Structure formats: C-alpha cells, structure tokens
1. Based on the mean of other Cβ atoms within 10 Å per residue, sort peptides A:287-300, B:325-338, B:372-385 so the most packed one is first.
2. Counting only other chains, and only Cβ atoms inside 10 Å, what mean value do you get across the residues of B:291-304?
3. Could you tell me the largest-minus-smallest coordinate of the C-alpha atoms of the stretch A:263-363 on each of the three principal axes, in descending order and whole angstroms?
4. Count, for each residue of A:116-123, the Cβ atoms from other chains sitting within 10 Å of its Cβ, then give me the mean as a whole number.
5. Tally Lys and Arg at +1 and Asp and Glu at -1 over the other residues with C-beta under 13 Å from the C-beta of A:VAL170: what net charge comes out?
6. Which semi-axes, in whole Å and largest first, does the equivalent ellipsoid of chain A have when worked out from the alpha carbon gyration tensor as the square roots of 5 times its eigenvalues?
7. For the protein assembly as shown, with the dipole built from +1 on Lys and Arg beta-carbon atoms and -1 on Asp and Glu ones, taken about the Cα centre, which of A:GLY187, B:ALA219, B:LEU27 lies farthest toward the positive end?
8. Measure off 7 Å from each Cα along the Cα-to-Cβ vector at A:MET241 and B:ALA264, then give the distance between these two points in nanometres to one decimal.
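Derivation of every value follows stated rules applied to the coordinates shown; laboratory data play no part. The model shown is predicted, which means the values in this text are computed figures rather than measured ones. As a convention, Cβ positions derive from the backbone with ideal geometry for all residues, glycine included, and neighbour counts pool all protein chains shown.
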Amino acid sequence: MMAWTRAMLESARGQLVSFIRAPVTAILVLVLPLNLMLLMSLFALTGYNAPTGLVMDEDTPRAREFVQALRDAHNSFALRPMSREAAMEQLRCGRLVAVIEIPRGFDARIASGRRSRVQLTMDNVNLDMAEDVRRAVPAAAAIFAERLDLPKVRIRPTLINLLARDTGYVEYLGVSAVALAAVIAGGILGGTVIAREWETGAARLLLLAPAGAGAALIGRLVAAAGVGVLASGLTATIVVMGYGVPMSHPLEVVAGVVLTVAASTSLGGLVGVLLRRTLPIAPLILGTQLPFYLDSGALEPQRFDGEVLFRLAHLSPAYYGVGVMEHGYHHLVVTPEPVWVLLLVLALAAIVPAIVLGRVARR
Amino acid sequence: MIRAIWAVARTDLTRWRRSPGLVAASLIPALGMSVTVLALTYAVGRQPVALVQEGYGPISQRVVDILRGSDGFVLRERTAEQAARDLKQQWVCAVIRIPKHFDDDVLRGNAHLEVTINNVDLDFSDDIRRSVSEAVVMIDAPDLASLGEESEGGPREPPAAPPIAPDNALPGGINPYRVEVVETDLRRPDVPFLAYQMVPVLALLALTAGALVTALAIAGDRESGRMRVVRLAPVSRSAVVMGHLAGGTIAAMLLLGTIVLIAALLGILRAPPGRWPIVATILLATAVGSTGIGVLVGLVTRRVTTTVLLGVNVASASFLLGGGFTTIAFLPGYIQSVAHWVPSYYAVEGLREALFYAEMPSLGRNLAVLFGSGIVSVIVGAWLFTGPRAFRAAPRSRP
C-alpha cells in the first residue's frame, strides 16, 4: 500500500512539474473557467429588462404614472425615451425589442373615465423576449390601475414569495458558473493527462511499474484535479469579490468545488482512457458539458423544465455541483436532493471512475 | 500555387475524414447545443404551476379556463396538500389558489387570486408574476392584450384563453384598467424560438469545424515534426497557410451545408424569398472567418494541449460574444465594443438579418469583416509560418 501511495504521489509530482514547465498551458487552464463564467453572465444580463423605446406624446402626471408602472412591471422593460422615428429605426435594426407609444390626450382620457390606446410595436424575432413583453404590458396596466385607485378593478393577484428576497439572475447564474468552471477544467485536464499516456506510449511502460499502472494514472489525475481546483477556486473567489455574492456556507462551497472538480477529473480521465487521444478531449468535454450545464439547474431549478430534462441532468456532475453552489452561496435549494446527497454522489463519481480507470489500465 | 493550396487542403480534409476523433470534435459541440436548444424550446417560457381550486362558481371556472389557456403555465390541478408538497419537491414553481368565496368577492369588487412563488431566482419568478397579472387582467379586460392586435400581415389571431361571457364582464364591457393596447408586430408569424437559436448553433458549428479542427491539425503537424518536412517543400508559406484555410473552410462548409439543408427541409430554418444565396454567402464567410481564427491559434501555439485550451477559450468566447445565448445589441456598450472584435458576432448578426429581417443594412460590413478575417489570418499566418518559431518542435515534456 505504501509503495502504491508513493508511486501515486510521485506521479502527481511529475505531472505538477510538467504543468509548471508549461506555464502557458497552466495559465489557459486558469483562464478557461473565468472566461466561461464571465461570458455566461452575458446571458443573464439580457434575461430581463427588454430594451424598449418609449415615445411619449405628452408629459402629464398620468402618463408618467403609466411609465412608472411599466418600470415596476416585474423587471420587464429597460425604457429608453426617444423620438418615434429613432425608436422605429432602432426597432428595425434589432436594437430594441419593442416600442411603446403613449398618445397625446392619454391623461385627459383616463381622467374622464375613458380608455386610452397605447401602441405597442414589437420586434417579435426573439419569441422568449416578445412573450415577456406581451405579458408585461397588461401587468403594467394592472399596477397603473391599482396606483390610481381606479374603480371597478375587481380582482387583484396576491403574490406570496417563499423566500425573503429574489436572487438576481446574474448572481444566480454567476454562482452556477462556478460549477461549470469546475466541470470543464476538471474534465479537460483529467482527460488530457490520461489520454497523453496512451498517445506517447507511456501506458505500455506503466504496465511494468511495480505499483501498477493505476497508481501512476491516479497520481496524474490528482495533479490535474489540483490545478482544476485552483482554477475553479479562482472563479469562486471572483464571484465573491467581483459579483459581490457572499458565501452563506463557505465550507459547502469549498467541498462543492473540490468534489465537482474531483468527479469531473475522474470522469474526464475515463474519457481519456477510452479515446486514448488528446485531440478530441477538450471539444468533447466542452461540447457535452455546456449543454449539460444549461440542463443542470443553472438557469432555474431543473425540475421546472420537465421530468425528462430533470432525469438527464443527473448524468453530469454539473447538476450536483450547481445544487451545492447555489446552496453554499445563496442558501437556495434548487434540487430535491439534500446537499449531503449531492456531495456524496460527487464523491462517488470521483472514486468509481478512478477505480475503473485503474482496472482498464491493466489491460 | 493552387496545386499546393489544394494539396494541403486535401490533406487536412483527408485527415479530418479519417479521424473519428476530429469528426466527433467538430460535431459534438454543435449537436449538443442543438439538442439543448431543442429542449429549451419546449421548456423555456412555460412554468409548471399547481392550481388549487376551492371556489367552483362560474367566475372561478372562467378564471381556471383562462389560466389553462395561458401560454405561461403548465397547469397541474392539485389539492392544497398536494400543491404544498409539489412546491417543496420542486414539481411546481408556484401555486395559484382560487379561494372558496371567490365569486362572491368578485361581485363585491374585492377578489384576490393567491399566488405562492418559489422565488429562487428573478428570471422565472418574474415570468410567473407577469403571467398571473396577465391572466387576472384578462378576466375583466380581455381586450387589453389581445383585441385590436395587428401585424403587418393583418390582425393577430385572438388569444388562446377563452373569452369571458358578457354577463360576467363589467357593465357595458368597460375596461377598468382604462388602458388599451394595440400591438403591431414587425413580422408575422412570430419567429419560432428554435429557428432563432439555430443561428448561433451554426456559428458554433463553423467555429468547431473550422477553427478548432484547423488549429489542432496545424498544432499536430508541428508536434509530430511534419511541419519541418513541409518547410522543405518548394511552395510558398502563404500557399501552405491558404491550404489550411481552404481545408478548414471546406470542412466547415460541408457540415454547415448539411445541417442547413436538413433544417430547411424540416422547416426549422426558412429564409425569405431570394435570400438563400445570401445566407449561403454568409455561411461561407463565416466558415472562412472561423477557420482564419483556427489557423492563427494553430500557429501561435506550440503544443497540442495548449492549442486545445487556447482553441476552447477562443471558440467559447467567440460563440458567446458572437451572440450565442443572447442578443449583443441589448448588452452594455463596453461589451458590444468587445464583441465587435469577434468575427462570429458578424456571422450571427448577418445570418439573423438575412433570415428574419426585411432589410439587411449590415450585410456588406458583415461579409467584409468575415472574409477580411480570413485574409488577415493568411497574412499573419504566413508571417508566423516563416519565422523559426513555427518549425520549432514542441518540447517533449508532458502537458
């Protein structure tokens, strides 16, 4: 056992020395998770507040009240006051989702108990955003009526939130991107270092090693996981420092990062031993894990997207990582499974593939 | 020179064709993204919501019908206990309760529809809030968001929600909100979500097939020492670089052409009349621009491992900054400025204009940038190729 451990540690040390001797590679490994996290945040930035041109033909108290209702309609509009011509031009160029025009005489008509017609012109190219706007305008009308205490509004929604406050989409997605960082960094590094053994022919020599090939390969994975943890840890720190998201449960975050990286590295190693070539590792990991990330509760609790996607999500460490991270940072429960189960699955996903890898390497 | 270009291109294509790993590397990211987009098409926008109906009067029943007709919910009728359990276990994200005396409250003008939301994040919580408000407004003012809607092709169809019978509407059919909305859409019908999201998938395909595979092919040549042999060949460096560019472009175009053809035959992608040649030109330019990036990545890196990591960084940044999951025009100005340096931005913008918009004001600029990227890559690539760095074999140490 001691010989096995010594061989494993020596292999890990050798791998770490290689990483240090190839600083460009190491830097790129550190940059990749950050890159993905920052870029995924772009998605969150356009998730709400649709850019909307606001054309006001009159500036009256009730018109301003309606504009305020639009602003308060559940983060639906980023209103940009402008002329009609400019608004239509920007709409046609795809720079606005919609244009809302408040007509002249709006105030007078409302005051006299009549209806006033608001024009909504829509670029319905992005159905998701278009539907948000279509739903938000009636919501704004309801807010408007309530604030003006207009008579004859008979039904009102009473909204009860389960949680004390909403978590911003950027903050939610930023945290889930830490799990993505861990999965991508771990998977690529694990797959690459193991595939490299076969590509260079070193795997044959490992068969002659007294401690067995398993010790050397697991040592490589340990080193890869160490660098992966460093990269993901950097990403996790930037979420705290840059995004201003404090950790509710720091130990959970640490455990989540370490185990997600460990599981991904181990699974990546298994992919590496199956492919035995470094070339397709990164595209494969990125190509499979980016979709799995979107199907992991990264955008909202995954079960909300239906049973099929929910079950599929369980195939990737991203699902378990996102569950742990959202709880660790925001104290949010986004999976039906408790955090300890998520961590346990990640631990098993780290151990079992490593054992399989050791056995496969003997052949 | 043309023979040399074709020889290099053919070699790259043959290697790509004979290497299952490379083919997989080209296809899997885009295929994975397609599947995700397909899944999101059906999942996004409709949230599972439990309905607890305690009042069964005619108005309550009509509210239920409106909620059932809403395209914001997937409604599941539950008892109060079942709904609470479903909310806890995340089978639903909200519970709507119609109280027992709802009809009486409506007649008194003081009815409340109780909605409990699992407000884990702002995005879908606001979706629910908007949809509930819309449904409530529909009860007393069904015309608010539907009647009078028009598009360029004529009036829009009425909403799916059944109309309220006049006897339950307010006297004289007065809209109590006093705001009437007339909607005019730029196009009819709406662009399906799947079609809209297919465009960045095509850009991703170009990036993986063109950029990543070409970069890996060049790096593989260097690491194996084949590049030293190429140096001895009596051909210009530009011809070699152009050969790599041509090979990657042809590979990317073959894949893009196949996917676009299938998508068009299935009716997922529909170009306006006369636009297919323009779409094909933009796809060609996209392939050239993406492959150009791959040539540069392949030439500036010395090891395959480094190439892979740089390639993945560049491909993911290009995809996401190009508008992969978002609309760049809606982002803050400084991000738009960064995105303008990424060729895939012009590819996505060009394809969206060509497929979905009546006018294409940016077509010339988009094509110029994309083809220009290819030309710049040849010039810079030839310069890199000439230097000793290009032929220095990678160190034999581990990655």
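1. A:287-300, B:372-385, B:325-338
2. Whole-number average of other-chain Cβ neighbours for B:291-304 is 1.
3. Ordered largest first, the stretch A:263-363 gives principal extents of 44, 26, 24 Å.
4. Counting other chains' Cβ atoms within 10 Å and averaging over A:116-123 gives 6.
5. Neighbourhood net charge equals -4.
6. Gyration-tensor ellipsoid for chain A: 54, 20, 16 Å.
7. B:ALA219
8. 5.1 nm
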